[in-house]
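Okay, so here's the structure we're looking at.
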Amino acid sequence: MMLLIKGGTAVDPEGKYRGEVDILISDGRIEDIAPAGKIPEPEGGDVLSGAGKLVFPGLVDIHVHLREPGYEWKETILTGCKSAVMGGYTAICSMPNTDPVNDNESVTRYILERASSVGLCRVLPIGAVTVGLKGEELAPLSELRKAGCVAFSDDGEPVWSSAMMRRALEWCSMEGAVICCHEEDKLLTRGGSMNESPLSIKMGLKGMPSVAEDVMVARDIELARYLKGKIHICHVSTARSVELIRRAKNDGIAVTCEVTPHHIFLDERRVCGYDTNAKMSPPLRTQEDLNAIVEGLKDGTIDAIASDHAPHEADSKLLEFSSASFGIIGLQTNLALGLRLVERGIITMERLAFLLSLGGASALGIEGGKLERGERADITLIDPDLEWSFDDTENLSKSSNSPFIGETFKGAAADVISGGRVVMKGRKFTEEIFSEKEDCL
């Protein structure tokens, strides 16, 4: 089946295409890109209007917690994929802290088969670095890689032992894979629930010091330097971490990193009032840290914006702040928050396209993020003027733990093409594979 995207303003992170374009898709691949009006409508094919829309490569989120298997009351692969597509994503990387942990081939295959059955977007599993995320025994990385894991991480936990991290880096270098590092010295953060600062003292909450992140970032950078391995730093939140990564890149070390929108737009003051929807790990930091992250976005130090989508049921958030679960959802708000960066003149639209697609894909070495002939036809058409509110009627996740619930946004994904298939058109899904009842079985 052929599909022609007719018109639409190309936003190419590589800068090859600009202005109004037509894009011809055939057999799941981009067959041609040309100035608007230059490609004839295909006989027997479909035409999708791009008028008034921005044409991005399909968005790629390299840090998502889908919770299935094991925590289906929080999220499922179906509801997570629905949230992702509504947010403009055509590929998401699922973290391994499920139950059972994705530390063996059978769990990886289960995730891939469920995602294929849902058929909305690609789900690319990230396997565990250590068995059970316990940091004691290296997971079967070769087995996981062959089964379909695109990277490895103990996210939610650091790889505690430097010796274990060295072994993992050596093994991943042989496999051509990346380790995604959750950087936290938990001996420094144990019992903490917000950023350590005068505000945490005032609020009577045990703090999580920024140095707990910084020391682990520094360790893993030095291991990568010594072993000539490749690491990816997850959810960077401190000014010092940004500077360490900047210096490492200048030294030629193979390090990439991501930030989340909440660490760009919210600081620790959002915790005032003990709002548990502002509790996440790493915690919201200071305005100084936010400023450093913005500079990192502007100068290229930061490679990707990822959601760290972490759904939790209401009961786990309706607790005292110190007892509530860490994490928030973000798949449906990432794009709109990114567009705010463009609106405020902080980054260009092309830079945003890179941060939301090619940057993350390149960091993990996965296909995606390109508007180019021969590339996989993953494309997101964005209505930059659409105003909408993120409320219970718009939220497609099973959970609603977000500090952005109730906010009004400008700009949203209008149409999403995944592998050449239109999976969302006019913000409506074109197929429904499972009912909610079936999905919970």
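Taking the Cα centroid of region 231-291 and of region 21-46, what is the distance between the two, rounded to the nearest whole Å?
Using only Cα atoms to place each centre, the spacing works out to 41 Å.
Between the helical axis of 105-118 and the dominant principal axis of the chain, each derived from Cα atoms, what acute angle in degrees is found, rounded to the nearest 10?
Rounded to the nearest ten degrees, it is 40.
How would you rank 172-178, 288-294, 269-275, highest first, on the average number of other Cβ atoms within 10 Å across their residues?
The densest-packed peptide leads the list: 288-294, 172-178, 269-275.
Could you work out the relative contact order of region 65-364, using alpha carbon pairs under 8 angstrom and six or more residues apart, expressed as a whole percent? Before the final figure, lay out the partial values.
Working: 594 pairs, mean separation 43.4, N = 300.
The value is 14 percent.
Using the Karplus equation 6.51 cos²θ - 1.76 cosθ + 1.60 (θ = phi - 60°), what ³J(HN,Hα) coupling, rounded to whole Hz, does each residue of region 127-137 give in order, writing x for Gly and Pro?
After applying 6.51 cos²θ - 1.76 cosθ + 1.60, I find x, 6, 6, 10, 4, x, 6, 8, x, 9, 9 Hz.
Over region 226-381, how many pairs of lysines fall under 26 Å by alpha carbon, counting only those 8 or more apart in sequence or from different chains?
8
Which value in nm describes the separation of the simple spin-label points at residue 32 and residue 117, placed 7 Å from the Cα toward the beta carbon?
Roughly 4.1 nm, to one decimal.
Check which residues have an amide H placed less than 5 Å from residue 93's amide H, if you skip close sequence neighbours.
Excluding prolines and chain starts, which carry no amide H, the hits are 61, 62, 63, 64, 124.
Under 5 Å between amide H atoms, partner at least 5 residues away or on a different chain: which partners does residue 195 have, H built in plane at 1.01 Å?
Amide H to amide H, under 5 Å and 5 or more residues apart or across chains, residue 195 pairs with 208, 284.
Tally the DSSP beta bridges in the chain and give the antiparallel ones as a percent, rounded to 5.
Approximately 50 percent, going by the DSSP bridge assignments.
How far is helix 162-175 tilted, in degrees, relative to the longest principal axis of the Cα atoms in the chain, given as a value from 0 to 90 rounded to the nearest 10?
20
Can you compute 3J(HN,Hα) from phi for each residue in region 29-45, using the Karplus curve 6.51 cos²θ - 1.76 cosθ + 1.60 with θ = phi - 60°, rounded to whole Hz and x for Gly and Pro?
In residue order, the calculated couplings are 10, 6, 8, 7, 10, 8, x, 3, x, 8, 10, x, 5, x, 5, x, x Hz.
Roughly speaking, what is the centre-to-centre gap between region 127-146 and region 70-126 when only Cα atoms are used, to the nearest Å?
The distance from the Cα centre of region 127-146 to that of region 70-126 comes to 18 Å.
So how tilted is helix 77-86 from the main axis of the chain? Cα-based, degrees 0 to 90, rounded to 10.
Roughly 60 degrees between the two axes.
Considering amide H positions built from the backbone, and no H for Pro or chain starts, which residues 5 or more places from residue 130, or on another chain, come under 5 Å of its amide H?
135, 139
Multiplying the sequence separation of residue 109 and residue 394 by 0.36 nm and subtracting their Cα-Cα distance, what value in nm do you get?
So the extension gain works out to 99.5 nm.
So how long is each side of region 65-364 along the principal axes, counting just the alpha-carbon atoms, biggest first, in Å?
49, 43, 41
Which of the lysines could be linked to residue 428 by a straight reach, that is with a Cα gap under 23 Å, when you skip same-chain ones fewer than 8 residues away?
Here the lysines satisfying the reach criterion relative to residue 428 are 6, 53, 82, 398, 410, 437.
Per-residue HN-Hα couplings for region 402-413, Karplus 6.51 cos²θ - 1.76 cosθ + 1.60 at θ = phi - 60°, whole Hz, x for Gly and Pro?
In residue order, the calculated couplings are 9, x, 9, 4, x, 7, 9, 10, 10, x, 6, 5 Hz.
Could you work out how far apart the two model spin labels at residue 408 and residue 372 are, taking each label as a point 7 Å from the Cα in the direction of the beta carbon, and quote it in nm?
4.1
The numbers here are math on the coordinates, done by the rules we state, and not lab data. Here the structure is a predicted model, which is why all the values come from computation and not from measurement. In this analysis, Cβ positions are derived from the backbone assuming ideal geometry, glycine residues included, and neighbour counts consider all displayed protein chains.
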